[in-house]
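**Student:** One structure, as structure tokens, below. Some questions next.
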Amino acid sequence: MFRLASLRIASARVLATRPTAVRRTVMPALALRWYSAGNGLHHSVVLDQIFQVLHDFDKIHKENISSGADFSIALGLDSLDTLKLIMAIEAFSVEIPDEDAMRITTVAATINYIQGRDDAR
Amino acid sequence: MNPRKLSGLQKDALRLYRDCLRAIEKKPEESRARFQAFARHEFEKNIASLRRTDVKAIEHLLRVGRRRLEQYQSPNVRDITIV
């Protein structure tokens, strides 16, 4: 479906700018993809939000906060703390159901999850 | 610490704790920290004394915990003190 749409756009552009027929080699619609996923939230934006939550979390030492941090190993949180942390993150983005919340154990996993949700902000 | 293959029982416990956290969010702001400390303490004291294999004991505590949550989450309960 997207391929057809992009071909149509490509052909419209080609016809508008060049009167002579030219072989299409670029697909404009696909070339517009960027790495922030469907909801448009950029990796660094989500990371900043998460870091802010981690900063305000009284059980976490600031020097341990990093984008590669594992909640239990780097930040010393147990599973109860992790649930509380995820609730704080929810305030920023999306409501996270129990099943998903129990699976998120690192900063990277959190970012991936939020970027994967269409309704995140 | 945990390889993240949570047993059904572990998930139930986490679910109960999460429901407690959600109920705490609805409490008045001044007393939230006390409710949070209370919930945390109730879970901690049993985590220390139980083994993962004490299935019957864990199930019993989860049932009791769920019932207490239902009582404490009433909006009439506005603060909590630990003696």
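**Student:** In the range B:23-37, which residue that is in a helix (DSSP H, G or I), over 13 Å from A:Leu80 (Cα atoms) and open to solvent by less than 90 Å² (accessible area, probe 1.4 Å) is farthest from the other protein chains (Cβ to nearest Cβ)?
**Tutor:** B:Ser31
**Student:** If I go through the range B:38-55 residue by residue, how many of them are open to solvent by less than 60 Å² (accessible area, probe 1.4 Å), within 12 Å of chain A (Cβ to nearest Cβ) and not acidic (Asp, Glu)?
**Tutor:** Number satisfying all stated conditions: 4.
**Student:** Among the residues of the range A:66-93, which ones are open to solvent by less than 30 Å² (accessible area, probe 1.4 Å) and under 18 Å from A:Asn112 (Cβ atoms)?
**Tutor:** A:Ala69, A:Phe71, A:Leu75, A:Thr82, A:Leu85, A:Ile86, A:Ile89, A:Glu90, A:Ser93
**Student:** Could you list, in sequence order, the residues of the range B:1-22 that are of a type in the set (A, V, I, L, M) and either surrounded by 15 or more Cβ atoms within 10 Å (Cβ to Cβ) or part of a helix (DSSP H, G or I) (or both)?
**Tutor:** B:Leu6, B:Leu9, B:Ala13, B:Leu14, B:Leu16, B:Leu21
**Student:** State all residues of the range A:94-121 that are part of a helix (DSSP H, G or I), open to solvent by 30 Å² or more (accessible area, probe 1.4 Å) and closer than 23 Å to B:Asp19 by Cα; if no residue qualifies, say none.
**Tutor:** If the condition is that a residue be part of a helix (DSSP H, G or I), open to solvent by 30 Å² or more (accessible area, probe 1.4 Å) and closer than 23 Å to B:Asp19 by Cα, then A:Asp98, A:Glu99, A:Asp100, A:Ala109, A:Tyr113 are the ones that fit.
The values are calculated or read from the model by the stated rules, or taken from the named source; none is laboratory data. Quick caveat, the model's predicted, so the values are computed rather than measured. Note that each Cβ is placed from the backbone with ideal geometry, even for glycine, and that neighbours are counted across all protein chains shown. Only protein heavy atoms, including side chains, enter the accessible area calculation; ligands, DNA and RNA are left aside. Shrake-Rupley method; radii C 1.70, N 1.55, O 1.52, S 1.80 Å.
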